[in-house]
Amino acid sequence: MGILRNIKSDYEIYENVSLECVVAIERNDCKKIKAYRKKYKGKEPLPSETVEGYQFIMDEEFGSLKIDFSKKLNFEIRDLVNVKG
């Protein structure tokens with residue numbers, strides 16, 4: 001029997017609460033999000049800082065969500081909430 005291992009994705013999934021959508025952010029850009037959260041933890045109002053990512057769209061053929069790689073969008077870090085998998 002083969003060994004099963006967890007293969008990490010190149011993207012982390014976040015929910016954008018202001019746009020009410022799900023987005024995929026590259027793991028390298030997630031470091032920027034973590035540094036932002038650590039720097040501004042407990043402070044109000046949060047400054048405007050963006051990160052690039054891809055929005056999920058509905059795939060009608062399979063009835064599920066998929067990442068739309070056709071256009072890269074900018075998202076406000078303060079609006080992103082990590083989705084636990």
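Only a single item in (1) small (Gly, Ala, Ser); (2) over 14 Å from the mean Cα position of the chain (by Cα); (3) on the phi < 0 side of the Ramachandran plot is not met by GLY42, and it is number (3).
Report, by residue number, each residue of segment 47-80 that is hydrophobic (A, V, I, L, M, F, W, C) and in contact (Cβ under 8 Å) with a residue 24 or more places away in the chain.
Answer for segment 47-80, where residues must be hydrophobic (A, V, I, L, M, F, W, C) and in contact (Cβ under 8 Å) with a residue 24 or more places away in the chain: VAL51, PHE56, LEU65, ILE67, LEU73, PHE75, ILE77, LEU80.
Residues in segment 1-19 that are touching a residue at least 12 places away in the same chain (Cβ under 8 Å) and among the hydrophobic types (A, V, I, L, M, F, W, C) were compared, and the one that is surrounded by the most Cβ atoms within 10 Å (Cβ to Cβ) is ILE13.
The single condition among (1) touching a Phe, Trp or Tyr at 6+ places or on another chain (Cβ under 6 Å); (2) under 26 Å from ILE7 (Cα atoms) that PHE56 does not satisfy is (1). Of the residues making up segment 28-46, those that are part of a loop (DSSP other than H, G, I, E, B), of a type outside the set (Lys, Arg) and loosely packed, with under 11 Cβ neighbours inside 10 Å number 3.
Residues in segment 49-85 that are assigned to a loop (DSSP other than H, G, I, E, B) and surrounded by 14 or more Cβ atoms within 10 Å (Cβ to Cβ): GLU49, ASP68. Out of curiosity, is VAL22 within 12 Å of the chain's Cα centre (by Cα), free of Cβ contacts under 8 Å to residues at least 40 places away in the same chain, surrounded by 13 or more Cβ atoms within 10 Å (Cβ to Cβ) and part of a strand (DSSP E or B)? When the stated conditions are applied, VAL22 does not pass them.
Where a number appears in this text, it was derived from the coordinates with a stated rule and is not lab data. From a predicted model like this one, the values you see are computed outputs, not experimental measurements. Neighbour counts are summed over all protein chains in view; Cβ atoms, including those assigned to glycine, are modelled from backbone coordinates with ideal geometry.
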